[in-house]
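Undergrad: First, the structure itself, so that you have it in front of you.
The values are calculated or read from the model by the stated rules, or taken from the named source; none is laboratory data. Keep in mind it's a predicted model, so treat the numbers as computed, not measured. Because the Cβ atoms are built from the backbone with ideal geometry, glycine has one as well, and the counts that use them run over all protein chains shown. In case anyone asks, the SASA skips ligands and DNA or RNA and just uses the protein heavy atoms, side chains included. Shrake-Rupley method; radii C 1.70, N 1.55, O 1.52, S 1.80 Å.
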Protein chains: 2
Amino acid sequence: MTTTPVPDDDFLRLDQQICFSLNAASRAFGSLYRVVLKDLGLTYPQYLVMLVLWEHGDLPVKKVGEHLRLDSGTLSPLLKRLETASLVRRERSALDERSVLVGLTGEGTALRERALRVPRRIAAATGFELAEIEDLRTRLDRLTGALDAAALEETPGSG
Amino acid sequence: MTTTPVPDDDFLRLDQQICFSLNAASRAFGSLYRVVLKDLGLTYPQYLVMLVLWEHGDLPVKKVGEHLRLDSGTLSPLLKRLETASLVRRERSALDERSVLVGLTGEGTALRERALRVPRRIAAATGFELAEIEDLRTRLDRLTGALDAAALEETPGSG
DNA sequence: CGTCATTTAGTTGTGCACAATTTAATTGTG
DNA sequence: CACAATTAAATTGTGCACAACTAAATGACG
């Protein structure tokens, strides 16, 4: 399992840097998206929500959160801002009054056309081959899975 | 999924997922650190600042920011919280009154002992071999470099 | 020397992430 | 049916990231 025979200092330094590298890369993406998304009037998290809606159509807040691993504490104010921007509509479900359905407005649907240009610019900015991106993505998802599993073990009460 | 067609949709989906995977991995690390750092009374960004100080000793805010790629807008309140927690001291430099030197208190120095346990737990949680972590880190740093360079081109006015 | 540009921190405002709590609706069980 | 447990959103509060701005000190240059 974790029996890798390595001195403490190496262990320490290495693991420090993987999370730091990850954090730095994530923030670098954030900066780039901020620039690219600016004339769409979207932040990066808002863009992710729009991607989910463009792909899946109307969804309850809960489902949007499952796609993005976000809870209502993050989504409620974010969706309110998207609603203020006339990109989405929110309405209580008739079948289950607890649920709030998020749907695209005409404006929100129309925005997709302009958003199509975004991914290409981002991908180009990485300078990575598609295969390499794919490979990196696979590793990252595996890492996330491992971390999630470990987090559950760290807090057995909440799992 | 083939690599032959490059319609916008494929392109879109792929690049969407690399940044999303990155974001997810970064947040998964955040969750794990939150748990592990809880009994040190540190958040993850605070932990990074402490790592810098433990490694380099007293530094002006500017230098801390360079190590972590953070500006005073983020660091000032963060350092104020660390000061409130009696982990660091801040004082104006005598040589350059613009500069504020951040230094460890006895308590801050002592905390290092307890922090030594942290990296091991994190590294173990990834379940990755060291070589694999190293490889991933290299790729991420390369990605960050490419994104930074691209960001500069996107905003030529600031470069 | 005086003036202006630069540098360093700090402040303000916006938005996201997340924990904890609240409210309301639904479901399960006796 | 009544009532406890569960579920979905929203709210509250804390902290981080970042842009834009301010204030104060320093440096450059005529």
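Undergrad: What's log10 of I(q)/I(0) for the protein assembly as shown at q = 0.12, 0.16 Å⁻¹, Debye sum over Cα points only, no solvent?
TA: -0.96, -1.41
Undergrad: Sort out the exposed loop GluC sites (Glu not before Pro) in chain A (DSSP loop, at most 11 other Cβ within 10 Å) and tell me the longest stretch that has none.
TA: A:1-96
Undergrad: Let me ask something additional. So what are the three principal axis dimensions of chain B from its Cα atoms, in whole Å, longest to shortest?
TA: So the extents along the principal axes, rounded to whole Å, are 62, 44, 24.
Undergrad: Between chains A and B, what is the buried accessible area in Å², counting both sides, with a 1.4 Å probe and ligands, DNA and RNA left out, to the nearest 100?
TA: 6600 Å²
Undergrad: Across peptide B:29-42, how many C-beta atoms of other chains are within 10 Å of each residue C-beta, on average?
TA: Mean partner shielding for this stretch: 3.
Undergrad: With runs of 4+ DSSP H residues as the only contributors, calculate the mean residue ellipticity of the protein assembly as shown at 222 nm using -39,500 (n - 2.57) per run, divided by the residue total and rounded to the nearest 500.
TA: One gets -22500 deg cm²/dmol as the mean residue ellipticity at 222 nm.
Undergrad: For peptide A:115-123, compute the average count of partner chain beta-carbon atoms within 10 Å of each residue's beta-carbon.
TA: For peptide A:115-123, the averaged partner shielding equals 5.
Undergrad: Which semi-axes, in whole Å and largest first, does the equivalent ellipsoid of the range B:18-111 have when worked out from the alpha carbon gyration tensor as the square roots of 5 times its eigenvalues?
TA: That gives 26, 17, 10 Å for the three semi-axes.
Undergrad: Would you list which lysines come within 19 Å of A:Lys63, measuring only between C-alpha atoms, while excluding same-chain residues fewer than 8 positions from it?
TA: A:Lys80
Undergrad: Within 10 Å of each Cβ in peptide A:130-140, how many partner chain Cβ atoms are there on average? Round it to a whole number, please.
TA: Across A:130-140, the average partner-chain Cβ count within 10 Å equals 6.
Undergrad: Note down the relative contact order for chain A as a percent, whole number, built from C-alpha pairs under 8 angstrom at least six residues apart.
TA: Relative contact order of chain A: 17 percent.
Undergrad: Further question: May I ask you to derive the FRET efficiency for B:Lys80 and B:Arg114 from their Cβ-Cβ distance with R0 = 30 Å, giving the value to the nearest 0.05?
TA: So the FRET efficiency works out to roughly 0.85.
Undergrad: Determine the relative contact order of the range B:18-111: mean sequence separation of Cα pairs under 8 Å and six or more apart, normalised by residue count, in whole percent.
TA: Relative contact order of the range B:18-111: 24 percent.
Undergrad: Give me the percent of the accessible area of the protein assembly as shown that comes from carbon and sulfur atoms, probe 1.4 Å, all protein chains in place.
TA: With neighbouring chains kept in place, the figure for the protein assembly as shown is 52 percent.
Undergrad: Apply the a/c threshold of 1.5 to the C-alpha gyration tensor of the range B:11-68 and tell me whether it is rounded, prolate or oblate.
TA: Oblate shape, in that a/c is at least 1.5 and b/c is the bigger or equal ratio.
Undergrad: On to the next question. Collect residues whose amide H, placed 1.01 Å from N in the peptide plane, falls under 5 Å from the amide H of B:Leu101; neighbours closer than 5 in sequence don't count.
TA: Residues meeting the criterion, in which the H sits 1.01 Å from N, are B:Glu91, B:Arg92, B:Ser93.
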